[in-house]
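Contents: one structure, followed by commentary.
The values are calculated or read from the model by the stated rules, or taken from the named source; none is laboratory data. Quantities reported herein were computed from a predicted structural model and do not represent experimental measurements. Note that we place each Cβ from the backbone using ideal geometry, even for glycine, and neighbour counts take in every protein chain shown. For the accessible areas, the whole protein counts, side chains as well, though only heavy atoms, and no ligand, DNA or RNA atoms are used. Shrake-Rupley method; radii C 1.70, N 1.55, O 1.52, S 1.80 Å.
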Amino acid sequence: SYYEECIEKIKELQLENNVILAGHTNDVPAAYNSGDIVVSSSISEAFPYSVVEAMMNGKPVVSTDVGGISEALGDCGILVTPRMPDELARGMIKLFKNPELIRDMGERARERALERFSIGNVLDNHYNTYKSLVTGSYKKTNAGTLLQKQEFYAKKAYVLLNIGYISEAIEQFREAIN
């Protein structure tokens, strides 16, 4: 019923030539590159994978300022207040009226995404964290020993989780909790 409601709204606003509800795709880059900008109207977000994917594809983003979106996006898009559709629309219109801004933000978005979120950088960060944990280069103080042990196990768990060792990660999370 929500899909039908969206279709009716698109017709009502005479946006049939501008808005396409294309459904699922296995070709994510093609989906991102089929448009000029990416819009996210999330009201809650942890790590914004869709925003980073858009950035990797050189697309400027208009998004609500929730979760980690502002940190990921930086100045490579337009942030608006959640649950304020008029602000979201103004951000979209600002970009659509300025193709040069779309191009500039898209280029900066791609550079930022490659610099911060490329597989190589993520793996390097995980490796360096894991190395510091293994070598014991994390701080040791009497007052913080328990907390640092917990941090050690949690970081180890996240590294394992991110490389696909789920069972091992769960065990490390249990150690952190204990």
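You will find that of I20, I7, the residue that is modelled with pLDDT of 95 or more and among the β-branched types (V, I, T) is I7 and no other. Looking at this structure, is K131 without any contact (Cβ under 8 Å) to a residue 60 or more places away in the chain and open to solvent by 90 Å² or more (accessible area, probe 1.4 Å)? Judged against the criteria, K131 is a match.
Between D75, D86, D65, the distinction of being more than 13 Å from D36 (Cβ to Cβ), open to solvent by 60 Å² or more (accessible area, probe 1.4 Å) and touching a Lys or Arg at 6+ places or on another chain (Cβ under 8 Å) belongs to D75 only. Please enumerate the residues belonging to segment 89-116 that are open to solvent by 70 Å² or more (accessible area, probe 1.4 Å), of a type outside the set (V, I, T) and more than 19 Å from the chain's Cα centre (by Cα). Scanning segment 89-116 gives R90, K94, F96, K97, P99, E100, R103.
Annotation note: of A72, A31, the sole residue that is of a type in the set (G, A, S) and either assigned to a loop (DSSP other than H, G, I, E, B) or under 21 Å from F96 (Cα atoms) (or both) is A31.
A count restricted to segment 1-28 and to residues that are among the aliphatic types (A, V, I, L, M), touching a helix residue (DSSP H, G or I) at 6+ places or on another chain (Cβ under 7 Å) and surrounded by 10 or more Cβ atoms within 10 Å (Cβ to Cβ) stands at 2. Looking for whichever is touching a strand residue (DSSP E or B) at 6+ places or on another chain (Cβ under 8 Å) and either of a type in the set (S, T, N, Q) or modelled with pLDDT of 85 or more (or both) here; the options are L114, L73. Which one fits? Checking each option against the conditions leaves just L73.
Within segment 81-108, being closer than 16 Å to V51 by Cα, in a helix (DSSP H, G or I) and out of contact with any Pro (no Cβ under 6 Å at 6 or more places or on another chain) holds for L88, G91, M92, E107, R108. The residues of segment 42-56 that are surrounded by fewer than 22 Cβ atoms within 10 Å (Cβ to Cβ) and within 13 Å of the chain's Cα centre (by Cα), listed by number, are S42, S44, E45, A46, F47, Y49, S50, V52, E53, M56.
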